[in-house]
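The values are calculated or read from the model by the stated rules, or taken from the named source; none is laboratory data. Bear in mind that the values here come from a model prediction, so they are computed numbers and not experimental data. Glycine gets a Cβ as well: all are built from the backbone with ideal geometry, and neighbour counts include every protein chain shown. Just the protein is used for accessible areas: all its heavy atoms, side chains included, with ligands, DNA and RNA removed. Shrake-Rupley method; radii C 1.70, N 1.55, O 1.52, S 1.80 Å.
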Amino acid sequence: MSTRPNFLPERETREWQDLDNKHYLHPFTTHKEIRENSARIIERAEDIYVYTHDGEKLLDGMAGLWCCNLGYSRPEIVDAVHQQLQYLPFYNNFFQCAHTTVIEASHRIINDVAPDHITDVFFTGSGSEANDTNIRIVRRYWDVQGQSQRKYIISRDNAYHGSTIAATSLGGIADMKKQVDGMGNVEHIMPPYHFELSEHGESEEAFGERAAQALEDKILALGPENVAAFIGEPIMGAGGVKIPPANYWKLIEKICRKYNILLILDEVITGFGRLGHWFACDYYGIKPDLITFAKAVTNGFQQLGGVLVSDRVSKVLNSDSQEFTHGYTYSGHPAACAAALATIGVFERDNVLDYVRNEIGPYFTERLSELKGHPLVGEVRTIGMLGAIEIVKDKASKTRFPGEVNAGVIIRDCFINEGVIMRAVGQTMVAAPPLVITKSQVDELIEKARAGLDKAASKLI
């Protein structure tokens with residue numbers, strides 16, 4: 001067990017909470033509520049567990065925030081960052097400069113990780129910045145070709161693509177869009193959410209066709225000559241692990257090609273092993289023009305994101321004689337790139353992708369599906385190491401609990417009290433544990449989740 005850093009003073013939990021309430025504005029938080037109830041103070045982490053300041057041990061069923069795919073005990077990544085900070089702690093990549101670590105990270109990602117049609121990478125500090133970058137790349141791609149009128153980007157309702165103003169504009173989560181006007185030229189279509197949006201008796205295949213047809217209908221309504229790109233998460237993560245029908249992505253790709261629309265796949269959650277492949281586009285057998293990545297590229301140990309650029313797009317950008325006036329101070333930060341290199345090394349050395357595909361992924365699916373019989377559960381969905389539990393008041397009609405009941409929050413808190421962290425997205429409980437979780441730890445996750453559901457049922461039913 002690691003020791004407390006010497007720059008942190010000894011304080012009681014209440015003292016930490018009081019300081020937190022005085023000074024820190026939390027992300028995605030009701031500030032009035034947290035100041036009334038105080039935050040749970042996370043002290044340290046080990047393997048796939050986090051520990052509170054009061055000594056509670058919690059199995060992290062969310063891999064941090066979809067990012068610590070290799071768990072928390074990774075001295076190889078820590079050592080790589082430490083070495084880099086001693087060697088070259090920072091230098092920018094502006095003004096025709098580059099450092100060796102960003103070059104090596106680019107080389108490894110393109111040649112050993114990315115799909116074959118990807119030739120270039122643009123580094124950012126996060127997935128939000130990467131999706132902002134996608135907008136800039138898409139605009140420049142069409143401008144260079146004399147088609148500046150192509151400004152529309154089509155996204156989906158309930159999508160999450162980050163929380164900058166531009167990324168929020170791409171997203172489709174209603175509560176976020178209420179708080180920012182956003183940018184124009186973004187249109188939204190229905191998501192591929194069979195559980196709630198399918199018509200009576202509609203098969204997965206028929207629903208997949210209808211959800212994909214919504215894209216073609218929107219393109220035709222806007223005029224194909226005005227549409228620049230379509231963006232989507234392979235699996236809608238923050239929107240509730242919505243797994244599309246098997247035919248959906250092939251149909252989407254076909255429509256994009258038919259109308260010469262760029263296809264952007266936001267793989268911030270699915271990239272780096274979540275489905276047992278480096279990227280979900282490999283799983284679905286499609287070739288997006290741009291791929292957003294972040295989170296697990298460094299196992300969450302450093303901030304790094306980026307855009308993978310296909311040969312189709314890079315040829316146009318690299319032929320441009322004008323400056324591409326876009327970038328960030330920390331694009332390709334040396335320490336972050338060192339963490340990425342070490343993370344890729346662990347994936348390869350430990351055959352993590354094979355483990356997810358052939359062993360732990362199928363076991364996770366098998367065990368999570370056992371919760372389908374619980375009175376509160378309307379559906380269980382899994383793919384790779386992503387899972388969702390739909391919470392319902394009535395299983396036959398799929399009726400939800402009234403919003404004011406806060407059923408998802410009640411269940412989330414019951415899970416935590418049992419020692420496991422899952423995320424509540426409305427009345428959907430989602431799980432994305434570290435990919436290195438063992439079978440016995442999956443058993444622990446399931447049993448604690450079952451106990452949490454039982455406790456919640458005594459309050460809700």
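Go through the range 146-172 residue by residue and tally those that are in a loop (DSSP other than H, G, I, E, B) and of a type in the set (S, T, N, Q).
Qualifying residue count, the range 146-172: 6.
Of the residues in the range 279-332, how many are open to solvent by 40 Å² or more (accessible area, probe 1.4 Å) and more than 20 Å from the chain's Cα centre (by Cα)?
Here the count works out to 14.
Is it true that some residue in the range 349-364 is open to solvent by 20 Å² or more (accessible area, probe 1.4 Å) and in contact with a strand residue (DSSP E or B) (Cβ under 9 Å, 6 or more places away or on another chain)?
No.
Give me the pairs: first residue in the range 259-278 and closer than 16 Å to ILE110 by Cα and open to solvent by 10 Å² or more (accessible area, probe 1.4 Å), second residue assigned to a loop (DSSP other than H, G, I, E, B) and of a type in the set (Val, Ile, Thr), beta-carbon distance under 9 Å, and six or more apart or on different chains, which are they?
Correct list of pairs: HIS277/THR270.
Out of ILE103, ILE137, ILE77, which single residue is without any contact (Cβ under 8 Å) to a residue 60 or more places away in the chain, assigned to a helix (DSSP H, G or I) and out of contact with any Lys or Arg (no Cβ under 6 Å at 6 or more places or on another chain)?
ILE103
If you take the residues in the range 146-196 that are among the basic types (Lys, Arg) and farther than 20 Å from ALA214 by Cα, which one is least open to solvent (accessible area, probe 1.4 Å)?
LYS177
For the range 348-382, what are the residues that are in contact (Cβ under 8 Å) with a residue 40 or more places away in the chain, within 20 Å of ASP443 (Cα to Cα) and among the small types (Gly, Ala, Ser)?
Scanning the range 348-382 gives a single hit, GLY361.
For the range 39-61, what are the residues that are part of a loop (DSSP other than H, G, I, E, B) and either closer than 21 Å to ASP350 by Cβ or open to solvent by less than 10 Å² (accessible area, probe 1.4 Å) (or both)?
Correct list: ASP47, ILE48, GLY61.
Just to be sure I understand the filter: pairs with C-beta atoms under 8 Å, separated by 6 or more residues or on different chains, first member in the range 280-300 and farther than 15 Å from VAL113 by Cα and of a type in the set (Ser, Thr, Tyr), second member open to solvent by less than 10 Å² (accessible area, probe 1.4 Å) and not in a helix (DSSP H, G or I). Which pairs pass?
Sorted first by the residue in the range 280-300, then by its partner, the pairs are TYR284/PRO234.
Residues are listed down the side, and each one gets a yes or a no for (1) under 21 Å from ILE137 (Cα atoms); (2) not in a helix (DSSP H, G or I):
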residue	(1), (2)
GLY240	no, yes
LYS254	no, no
ASN260	yes, yes
LEU265	yes, yes
THR270	no, yes
HIS277	no, yes
LYS287	yes, yes
ILE291	yes, yes
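Residue pairs, Cβ under 7 Å, 6 or more apart or interchain, first in the range 217-244 and free of Cβ contacts under 8 Å to residues at least 60 places away in the same chain and under 19 Å from LEU265 (Cβ atoms), second β-branched (Val, Ile, Thr) and surrounded by 22 or more Cβ atoms within 10 Å (Cβ to Cβ). List them.
Short answer, once both residue conditions are applied: PRO234/THR270.
With the requirement that a residue be of a type outside the set (A, V, I, L, M), crowded, with 21+ Cβ neighbours inside 10 Å and in a helix (DSSP H, G or I), what does the range 419-461 give you?
The answer is LYS448, GLY452.
Go through the range 383-418 and count every residue that is without any contact (Cβ under 8 Å) to a residue 60 or more places away in the chain and open to solvent by 40 Å² or more (accessible area, probe 1.4 Å).
Going through the range 383-418 one residue at a time, the tally reaches 17.
Go through (1) part of a helix (DSSP H, G or I); (2) within 25 Å of GLY426 (Cβ to Cβ); (3) among the β-branched types (Val, Ile, Thr) one by one and return the number of the condition ILE219 breaks.
Result: ILE219 fails condition (2) only.
What are the residue pairs meeting all of these: first residue in the range 1-19, first residue within 13 Å of HIS53 (Cα to Cα) and open to solvent by 100 Å² or more (accessible area, probe 1.4 Å), second residue part of a loop (DSSP other than H, G, I, E, B) and modelled with pLDDT of 95 or more, Cβ atoms under 9 Å, and 6 or more apart or on different chains?
Final answer for the pair search is GLU12/HIS53.
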